[in-house]
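Nothing in this text is a laboratory measurement; each read-out follows from the coordinates by a stated rule. Everything numeric here is computed off the predicted structure, so don't read it as measured data.
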């Protein structure tokens, strides 16, 4: 009788372990299914107002970030009509990732400790540097960020660029608030502000666009920060992060990233970095 009871107990335990194991397996499968690494279709958040980086025109989205996003998607096995772009703004990137409106964000998205609390980052795929864009006629007056004290400086909602100068460097620039950098460019050429400060890739694209319209602008070439451009990803998607990192590494190893940098910024005079950046790590 004792042996019979023992066999029954062992059988019950084995059954319980089998059920728990099946449940755990389902949980793992569910997590994998939710990762960008396993998706058959990707919605990627991009900017629409940054010439040369991410801009929306009559033919759709174009720019360095757009090409990077397409190439990452291709290396994840997603191509053609299964890759969709959705416009994001500096103030909406975290929310759209958290809500599942986009799967990835490739949008001149600088990695910061504050943002890493809300989302995860793969990469970075490039390290830009914050600089200053001014009217060519004012280039002798504004030589560094210290010359921005008391001057009107564009402040894009949700961007870290203005706080880097005003809060971190303690320079009393006067904010002119806008939703995006195309509006900053318009304000600059129409003399409603004195300078735009953000990442050098963005500034180079803005200057090129203004030049095409007959306006002479100049990048000061006084960089004062490193801005690692990460690929925003849902918090906790480690599999997806590692897959994107693998894609970015391959893009440097086979020359894809240097080629794209040359395509979009080769004629701007910027000093471009073509070695793979140090990754943040997937957490």
Gaussian network model of the chain, Cα within-10 Å springs - most flexible of 234, 191, 157: 191
Matching label, Rg/Rh (Cα atoms, Kirkwood Rh) computed from the structure shown, candidates [x] 1.15; [y] 0.96; [z] 1.05: [x]
Angle in degrees between helix 256-265 and the longest Cα principal axis of the chain, rounded to the nearest 10: 30
For segment 83-170: span of alpha carbons on each principal axis (Å, largest first): 46, 26, 22
Cα-based helix-to-principal-axis angle, 2-33 vs the chain, degrees rounded to 10: 20
Antiparallel %, DSSP beta bridges [both residues in segment 130-219], to 5: 55
Segment 130-219 - Kirkwood radius from inverse mean 1/r over Cα pairs (Å): 12.7
The chain, relative contact order in percent, only Cα pairs under 8 angstrom and at least six apart counted: 26
Among beta bridges that DSSP assigns inside the chain, antiparallel share in %, nearest 5: 60
Segment 59-107: equivalent-ellipsoid semi-axes (sqrt of 5 x gyration tensor eigenvalues, Cα, Å): 19, 13, 9
Long-range Cα-Cα pairs in segment 104-148 (distance over 16 Å), rounded percent: 56
The chain: angle of helix 200-212 to the longest principal axis, Cα-based, in degrees nearest 10: 50
Calculated [θ] (222 nm, deg cm²/dmol) that DSSP helices of n ≥ 4 give over the chain, each run adding -39,500 (n - 2.57): -11500 deg cm²/dmol
Between segment 163-211 and segment 79-123, the Cα center-to-center distance that results, in Å: 22
